[in-house]
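Right, one structure below, let's go through it.
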Amino acid sequence: MASRAKEKAKLRQERERREREHATTQTKKRKMAILAGSVAVAAAVVFVLIGISQGVFKEGRGVEALKGIPQKDGFLGKQMAPVTVVEFADLQCPVCADFTINSFPDIAESYIKSGKVKMELVLLGFLGPDSITAAKAALAAQKQGFAWDFVELFYQDQGAENSGYVTDDFLEGIVEDVPGLDQDRWQNDRDDTAFDAQMSTYNARSKKEGVDGTPSFLFIGPGGKKELLTGVISPGQFGDAVDKVSSK
Amino acid sequence: MSERKLRIAIAVTSAIGIAISAYLTYIHYAEISPICTVGGSCEKVQSSSYAMVIGLPVAVVGLGGDILILLSALLRTQIARYAGFMLALIGFGFTIYLTYLELFVIHAICQWCVAHAVVITALLVLTAIRFFKEPQA
């Protein structure tokens, strides 16, 4: 009897040991599955974040030179930048497009992103009615903080002066390529009557500063020292003017 | 390490992460240069086009993550343990990407980013131990 009881106890212990081992193995398997699943989910989230930050999921072309630079009320760059450069431009002006496409990316990298300079955009409409239509479309984009994106993309697609290319379809094609811009809001804002007054103010300001062509760049130093340059300027000329107005 | 000690360690480490992220968020919005012992590298990294993600400064995203990990340490549920681990895992993955950018794309190292990378690595280890450890009766 005693030996049978011992045998039973031994068998029970063996069964319990096997059950414990099985449970431990199952727990390990479950943990490994959770770990693998978690790593997969985390990797997916990280890839999506990287994709978003690199513009992979953004619609449209976007503007590389403007990435990471704050924009507000037509100003581009950090508000506390010591030097302000006011760019007087006409969206139909091919020389303005030349500057923006060829010189601006280096200027943005060296002076604006570093916080040395902030730029202000003043749009003029002296080349014809299409310039005014385009400028108002840019001002509507400016209300959402995308004036510089709009202008950059406009220049990339710029047509011949007063050839009638500045149609609604053309402008809508531009805003479609501005990542983050609310197109419905932009469409509604285009009819804002305040833009007429704003264009008049811009025009008066250009006359006051002696602007007689586009693009013109008014450099204003921290002490109020001014320098006006007109035409396509190189990043080097831009830097020289910044140094000049910054000097005491 | 007991559950209580792990929670305290996670809370303290995430608080350090919050302090770093909050400082970088402050200097972003105040438009000032970060205190940097390696000549100008922090500013170069902070002003690079990679300093923004989902339309927000990276520091703000990091701050949000650190706060959530801290909150997970305050709760004792299994969901909180898992959430803390997942957040730290995602943060760690994104930190690897950001460190790669610093080394091979921006060619500048920001000491604040390195400090936060150390914090998030420590948080990953702590939250993983907390989640995978058998809960004590």
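The values are calculated or read from the model by the stated rules, or taken from the named source; none is laboratory data. Remember, predicted model here, so these are calculated numbers, not experimental data. A quick note on method: Cβ atoms are made from the backbone with ideal geometry, for glycine too, and the neighbour counts reach across all protein chains shown.
Residues of region A:84-106 being among the β-branched types (V, I, T), modelled with pLDDT of 95 or more and either crowded, with 21+ Cβ neighbours inside 10 Å or within 24 Å of A:D196 (Cβ to Cβ) (or both), which ones? Let's see the steps before the verdict.
Here is the first cut: in region A:84-106, the ones among the β-branched types (V, I, T) are A:84-86, A:95, A:100-101.
Going one step further and asking which of them are modelled with pLDDT of 95 or more, we end up with A:84-86.
Matches in region A:84-106: A:V85, A:V86.
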Quickly run through region A:191-207 and pick out the residues that are buried (at least 17 other Cβ atoms within 10 Å of the Cβ) and assigned to a loop (DSSP other than H, G, I, E, B). none
Being within 23 Å of A:M32 (Cβ to Cβ), of a type outside the set (A, V, I, L, M, F, W, C) and surrounded by 24 or more Cβ atoms within 10 Å (Cβ to Cβ) is the filter here; which residues of region B:115-129 pass it? B:T127
Hits in region B:117-137 (condition: modelled with pLDDT under 90 and out of contact with any helix residue (DSSP H, G or I) (no Cβ under 6 Å at 6 or more places or on another chain)): B:K133, B:E134, B:P135, B:Q136, B:A137
Leading residue by the ranking (modelled with the lowest pLDDT) among those in region B:3-22 that are over 13 Å from the mean Cα position of the chain (by Cα) and surrounded by fewer than 15 Cβ atoms within 10 Å (Cβ to Cβ): B:E3
Unique residue being outside any helix (DSSP H, G or I) and farther than 21 Å from A:V41 by Cα when the list is B:A108, B:A115: B:A108
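Do we find a residue being closer than 22 Å to A:D212 by Cα and over 23 Å from the mean Cα position of the chain (by Cα) anywhere in region A:140-156?
So in region A:140-156, the residues closer than 22 Å to A:D212 by Cα come out as A:151, A:155.
Now restrict to residues that are over 23 Å from the mean Cα position of the chain (by Cα): none.
The answer is no; no qualifying residue exists.
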Members of region B:89-116 found to be within 14 Å of chain A (Cβ to nearest Cβ) and at pLDDT 85 or above, listed by number: B:L89, B:I90, B:G91, B:F92, B:G93, B:F94, B:T95, B:I96, B:Y97, B:L98, B:T99, B:Y100
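Is at least one residue of region A:158-166 surrounded by fewer than 22 Cβ atoms within 10 Å (Cβ to Cβ) and within 23 Å of A:P70 (Cβ to Cβ)? Break it down into steps so the answer makes sense when it comes.
From region A:158-166, those surrounded by fewer than 22 Cβ atoms within 10 Å (Cβ to Cβ) are A:158-165; that's our starting set.
Restricting the remaining residues to those that are within 23 Å of A:P70 (Cβ to Cβ) gives none.
No.
Residue by residue, here is whether (1) touching a helix residue (DSSP H, G or I) at 6+ places or on another chain (Cβ under 7 Å); (2) not basic (K, R); (3) not in a helix (DSSP H, G or I) holds:
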{"residue": "A:K8", "(1), (2), (3)": "no, no, no"}
{"residue": "A:Q13", "(1), (2), (3)": "no, yes, no"}
{"residue": "A:R17", "(1), (2), (3)": "no, no, no"}
{"residue": "A:R20", "(1), (2), (3)": "no, no, no"}
{"residue": "A:T25", "(1), (2), (3)": "no, yes, no"}
{"residue": "A:K28", "(1), (2), (3)": "no, no, no"}
{"residue": "A:S38", "(1), (2), (3)": "yes, yes, no"}
{"residue": "A:A44", "(1), (2), (3)": "no, yes, no"}
{"residue": "A:F47", "(1), (2), (3)": "no, yes, no"}
Which one of these is of a type outside the set (D, E, K, R), at positive phi and surrounded by fewer than 16 Cβ atoms within 10 Å (Cβ to Cβ): A:G236, A:G210? A:G210
Which of the residues that make up region A:80-122 are outside any strand (DSSP E or B), more than 17 Å from the chain's Cα centre (by Cα) and small (G, A, S)? A:A81, A:A97, A:S103
Only one of (1) crowded, with 19+ Cβ neighbours inside 10 Å; (2) without any contact (Cβ under 8 Å) to a residue 60 or more places away in the chain; (3) among the hydroxyl-bearing types (S, T, Y) fails for A:S216. Which number is that? (2)
Surrounded by 13 or more Cβ atoms within 10 Å (Cβ to Cβ) and part of a loop (DSSP other than H, G, I, E, B), is that true of A:P179? yes
Among A:G60, A:G74, A:G55, which is within 11 Å of chain B (Cβ to nearest Cβ) and either at pLDDT 90 or above or surrounded by 15 or more Cβ atoms within 10 Å (Cβ to Cβ) (or both)? A:G55
